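Read the structure below first, then the notes.
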Amino acid sequence: MKSIFGTLLVILFIFAFYMENKSNPHIFSENTFQQTESYDQLIDIEEGELPEATPSENFPGPNVGDRAIDFKLETLEGKSITLSDLKGKKVILNFWATWCPPCKEEMPIMQQFHEQYGTDVKILAVNIDPQYNVKEYQKAMGLTFPILLDKDDKINNAYDILTVPTTFVINEKGIITHKQIGALTTLDAFTALIE
């Protein structure tokens, strides 16, 4: 009995819909489903991608033209690195996490960049999830550039990181010259940052 009542109810809804819309047979034309607004500011956080048109200056934290926020963090080997000690060198400051797929895609490219330009440009990769086995991750990926551990999230918060990876290029005077939100997936993309 319930199934008959349910079927009749569905038929009634379909009939009511038909009667309401029969005066306009083109109600579901192609134009009905065309997007009228542009959503060029949406961020796919899981993938870490941003549309090309979104200027990084619209995001919180330090931006192009700002002085880089100084910090001191330990590497996986326990050595301390202070950003201001690298004044006079270009620095690529990358924020990343072990759980982040775009970071994993970007790491081999950063390693290539480090092997080619490591004497001229210093890479500092700040890990924001040091509670996981970052040392094993480094070993598995074959990474030789310095990985810094942000154990208490102070640097992550100071730079106001919303998504990983996020990369800053800092010039010899300590000024941010480029901010990239999302992965850099080619060697050319990295080298373009330092030109």
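Just tell me which lysines come within less than 26 Å, Cα to Cα, of residue 122; anything on the same chain fewer than 8 places away is out.
Qualifying lysines at Cα under 26 Å: 72, 79, 87, 89, 90, 104, 135, 139, 151, 154, 173, 179.
Using only Cα atoms, what Kirkwood radius does the range 65-108 have, in angstroms? Before the final figure, lay out each step's value.
Working: mean 1/r = 0.0793 Å⁻¹.
Taking the inverse mean of 1/r over all distinct Cα pairs, the range 65-108 comes out at 12.6 Å.
What are the ³J(HN,Hα) couplings of the range 142-153, residue after residue, when phi is run through the Karplus curve with 6.51, -1.76, 1.60 and θ = phi - 60°? Round to Hz, x for glycine and proline.
These are the phi-based 3J(HN,Hα) values: x, 8, 10, 7, x, 10, 9, 9, 8, 5, 10, 6 Hz.
Which far-off residues, 5 or more places away or on another chain, put their amide H under 5 Å from the one on residue 123, with H placed in the peptide plane?
92
Using amide H atoms built 1.01 Å from N in the peptide plane, name the residues 5+ places from residue 70, or on other chains, whose amide H lies under 5 Å from its own.
none
So what is the accessible area of the range 115-195 per residue, in Å², with the probe set to 1.4 Å?
Working: 3850 Å² over 81 residues.
Here the per-residue accessible area is 48 Å².
Using amide H atoms built in the peptide plane, which far-off residues or other-chain residues are under 5 Å from residue 178 H to H?
Hits under the 5 Å cutoff: 169.
Cα-Cα pairs above 14 Å in the range 148-195: how many percent? Don't jump to the answer; show the numbers that get you there.
Working: 658 of 1128 pairs.
Counting every Cα pair in the range 148-195, those more than 14 Å apart make up 58 percent.
At a 1.4 Å probe radius, carbon and sulfur cover how many percent of the accessible area of the range 124-195? Please report the intermediate quantities before stating the final value.
On the way: 1600 of 3240 Å².
So the carbon and sulfur contribution to the accessible surface is 49 percent.
The values are calculated or read from the model by the stated rules, or taken from the named source; none is laboratory data. Since the model is a prediction, treat every value here as computed from it, not as a measurement. Note: accessible area is taken over every heavy atom of the protein model, side chains too, but ligands, DNA and RNA are not part of it. Shrake-Rupley method; radii C 1.70, N 1.55, O 1.52, S 1.80 Å.
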